[in-house]
Amino acid sequence: MILVTGANGQLGRRIVQHLIAREPSLLDGRLGVSVRDAARANELASRGVIVRQADFDQPDSLAAAFAGIRRLVLVSTDGPAAQRSARHRQAIDAALAAGVSHILYTSSLDAHADSPSGFARAHQETEAALAHSGVAHTVLRNTLYADDLRQLAEPALAQGVLRLPAGTGRVSLVSRDELAQAIAAAALAPRLDKHMYELTGQTALDYADIAARIARVSGRPLSYEDVSAEAYAGSLVAQGVPGWFASALTERFVSVAAGRLAATSSDFAALVGHPPKSLDCLIHEYFAPRSPA
Ligand SMILES: NC(=O)c1ccc[n+]([C@@H]2O[C@H](COP(=O)([O-])OP(=O)(O)OC[C@H]3O[C@@H](n4cnc5c(N)ncnc54)[C@H](OP(=O)(O)O)[C@@H]3O)[C@@H](O)[C@H]2O)c1
């Protein structure tokens, strides 16, 4: 049986949907999810998915949730970095105790101890905990979600300027849904050739280039302006973003500026069978003016 954690979240829910699409017979009692609020997973339960309640902050809830699981898709949690690492360690310990034979973990590019990004360092800590545990595991390092371009660019389009502390660093964006597709493919693969997969777009572009492409597709002016990390974090806080999250988002762009999220690889295609959508295609989906119905 495969179990996906965080299945009420955006990535986790999509992983479940792609698992079902790839192998509908999983619904014969071979697909489970763990969620904090089982009522929010009623739709999955009605389709035949086994829904178990579990909270990584409550280790006692994990033994029953992970019982009888062969493959565990451990979806990284949200919240401050230190909290994430602690939660993931609890989940790994519980999986070991429950006899899970293989863990697939949704990590991130730039998962290194020397990353400027606290989120990336938390992913590195989880990867290290997995290695230390001795359990068979596969690390799926996600690139940045292309979806987030919408939240970044919509207010910027109103001003005509996208201001980020990303310098001339490049990113290789993929949509959340396609990342979920690749993770589902990995979870179902009879054999995985690699221990670590980097799920990236085919090309990496800097934000000046991305802004120019959004402008072209949307028909609205948009330029890119590099701003200091302090100015960016301050602008987020001024918009009401909690301080810890403003710092975390800023650190991520500092990593981008340092070229730490520019990797491209063919791992996505190796898992899914074809490459992910190009960034131009995604920008078109997100920003092309809608024709009147
Ligand atoms: N690559 C990127 O650009 C990028 C961007 C943003 C985030 N991320 C990472 O990817 C992860 C998944 O992304 P997403 O879009 O699915 O985020 P999301 O919708 O915010 O989902 C976060 C998930 O974390 C789970 N969670 C939080 N606290 C938990 C706990 N104590 N025990 C068990 N589960 C807990 C939530 O469970 P419930 O459903 O029960 O609430 C939820 O499913 C994020 O958490 C973050 O680590 C990556």
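The coefficient of translational diffusion for the chain, derived via Stokes-Einstein from the alpha carbon Kirkwood radius under 4 °C and 1.567 mPa s, stands at 65 µm²/s. Think of each Lys and Arg Cβ as +1 and each Asp and Glu Cβ as -1; about the Cα centre, that makes the dipole of the chain roughly 580 debye. Ordering 142-152, 273-283 by mean Cβ neighbour count within 10 Å, with the highest value first, yields 142-152, 273-283.
If the viscosity is 1.306 mPa s and the temperature 10 °C, what Stokes-Einstein diffusion coefficient in µm²/s follows for the stretch 135-293 when Rh is the Kirkwood radius over Cα pairs?
D = 95 µm²/s.
Over the stretch 1-148, what relative contact order in percent results from Cα pairs under 8 Å that are six or more residues apart?
Dividing the mean separation by the residue count of the stretch 1-148 yields 20 percent.
Per residue, the chain exposes 43 Å² of accessible surface when a 1.4 Å probe is rolled over the protein heavy atoms with every protein chain present.
Convert 37 °C to kelvin, take the viscosity as 0.692 mPa s, use the Kirkwood radius over C-alpha pairs of the stretch 53-158 as Rh, and evaluate the Stokes-Einstein diffusion coefficient in µm²/s, rounded to a whole number.
Answer from the Stokes-Einstein relation: 223 µm²/s.
Coordinate range of the alpha-carbon atoms in the stretch 165-215 per principal axis, descending: 43, 19, 17 Å. Charge dipole of the stretch 82-191 (Cα centre as origin; +1 on each Lys and Arg Cβ, -1 on each Asp and Glu Cβ, all else neutral): 60 debye, rounded to the nearest 20. Short-range pairs are left out: with C-alpha atoms under 8 Å and at least six residues apart, the relative contact order of the stretch 135-201 is 57 percent.
Among HIS132, HIS112, the sequence by solvent-accessible area, most first, with a 1.4 Å probe is HIS132, HIS112. Among 122-130, 3-11, the peptide with the highest mean count of other Cβ atoms within 10 Å heads the list, and the full ranking is 3-11, 122-130. Taking only protein heavy atoms and a 1.4 Å probe, the accessible area of the chain is 51% carbon and sulfur.
What number, in percent, do you get for the relative contact order of the chain if the mean sequence gap of Cα pairs under 8 Å and at least 6 apart is divided by its residue count? Relative contact order, the chain: 18 percent. Calculated mean residue ellipticity, 222 nm, the chain: -14000 deg cm²/dmol, from DSSP H runs (n ≥ 4) at -39500 (n - 2.57) each, averaged per residue and rounded to 500. Out of GLN202, GLN159, ILE183, whose Cα points farthest toward the positive end of the dipole of the stretch 144-224 (charges: +1 Lys, Arg; -1 Asp, Glu; placed on Cβ)? After comparing all options, I get GLN159.
Please report the spacing between the Cα centers of the stretch 80-151 and the stretch 1-76 in Å, no decimals. Cα centres, the stretch 80-151 to the stretch 1-76: 18 Å.
Among 215-222, 187-194, the peptide with the highest mean count of other Cβ atoms within 10 Å heads the list, and the full ranking is 215-222, 187-194.
The values are calculated or read from the model by the stated rules, or taken from the named source; none is laboratory data. Remember, it's a predicted structure, so these values are computed and weren't measured experimentally. Ideal geometry is used to build each Cβ from the backbone, glycine not excepted, and the neighbour counts take in all protein chains shown. Just so you know, the surface numbers come from the protein's heavy atoms only, side chains and all, with ligands and any DNA or RNA stripped out. Shrake-Rupley method; radii C 1.70, N 1.55, O 1.52, S 1.80 Å.
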